[in-house]
1. Which ³J(HN,Hα) values, rounded to whole Hz and listed in residue order, are derived for the range 85-91 from phi using the Karplus coefficients 6.51, -1.76 and 1.60 in 6.51 cos²θ - 1.76 cosθ + 1.60 with θ = phi - 60°, glycine and proline given as x?
2. Working out 0.36 nm times the residue gap between ARG191 and HIS162, then minus their Cα-Cα distance, what length gain in nm do you get to one decimal?
3. In whole Hz and in residue order, list the ³J(HN,Hα) couplings for the range 30-35 that follow from phi through the Karplus curve 6.51 cos²θ - 1.76 cosθ + 1.60, θ = phi - 60°; x for Gly and Pro.
4. Assuming 0.36 nm per residue, please report the length gained on full extension of the stretch SER220 to GLN151 beyond their Cα-Cα distance.
5. Using alpha-carbon pairs under 8 Å, 6+ residues apart, how would you state the relative contact order of the range 2-90 in percent?
6. What are the ³J(HN,Hα) couplings of the range 125-133, residue after residue, when phi is run through the Karplus curve with 6.51, -1.76, 1.60 and θ = phi - 60°? Round to Hz, x for glycine and proline.
7. How many angstrom lie between the C-alpha centres of the range 105-120 and the range 48-69?
8. Pulled fully out, how much extra length does the chain show between ASN173 and ASN204, if you take 0.36 nm times their separation in residues and subtract their Cα-Cα distance?
Amino acid sequence: MMIESAVMELPDTKTIRLKWPDGYNPEFKTGQFITLYWPDTPNYKRAYSLSSCALDRGFYEVTIKRDGKMGTRLVDWAKPGDKLFVIPPVGKFLPVYETAKHLICIAGGSGVTPFRAFVREATRRKLETKITILYSVRQPKDIIFNDEFRQLEQENPRFTFHVTCTRAKPEDNWTGRTGRITPEWVREHARDLTNTIFYACGPNPLVEFAEVVVFELGVSKEQMKTEKWG
């Protein structure tokens, strides 16, 4: 597929839009991932969660941090007009869009990118599903999609976006929450446990921590979905 646009979200994070070929109209679900590889290195493949949703037609979007060989090449070198091979979307990290459900999405770093897709679809479809994102970053400058999430909060009364900064500096003038994600913070937002589904996406330590927190809350395994990013 051809890269249609490549936008820097942060100094180390880029959103790449891959244009579908003419006549291509795949069925896929919000929350799935695609696998990418360059024509010159077909054996080196990396999977990336879609940051666009299933209602976005004509393209796929992935939002990538400069990390590892593939992430570094994509962030530093990928540009409009380049071609990438794309293995179509798969995966089971899917939002449960039911009226009574509350989705609590725990994310670290670029792990927030699939949740942009979750909220986009829910907002466009005007769904009753409640969605809460609990997002951990080092500093305020590391928040991916901050403006878009704040805009989605304005459009969708069922959505809230909460950020905690683990290494905020005085000059950041950060007035929000500081420190890591804690069990208490998760509990604060999980009011009706029987109808809550927990999602965790990001680096392994964050996802494993989220699994422990959710286990301690006493909910069933079926109520926890995870996507680990090495």
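1. Residue by residue, the range 85-91 yields 7, 10, 8, x, x, 9, x Hz.
2. Values: separation 29, 0.36 × 29 = 10.44 nm, distance 1.58 nm.
Full extension of this stretch gives 8.9 nm more.
3. Taking θ as phi minus 60°, the curve returns 4, x, 7, 10, 10, 10 Hz for the range 30-35.
4. 21.5 nm
5. Numbers: 173 pairs, mean separation 34.3, N = 89.
With pairs under 8 Å counted, the relative contact order is 39 percent.
6. Taking θ as phi minus 60°, the curve returns 8, 6, 6, 7, 4, 8, 10, 10, 9 Hz for the range 125-133.
7. 11 Å
8. Here the segment from ASN173 to ASN204 would lengthen by 8.2 nm.
Any read-out appearing in this document is the output of simple, stated calculations on the displayed coordinates, not a laboratory observation. Here the structure is a predicted model, which means the values were calculated and not measured. Neighbour counts run over all protein chains shown; Cβ positions are idealised from the backbone, glycine included.
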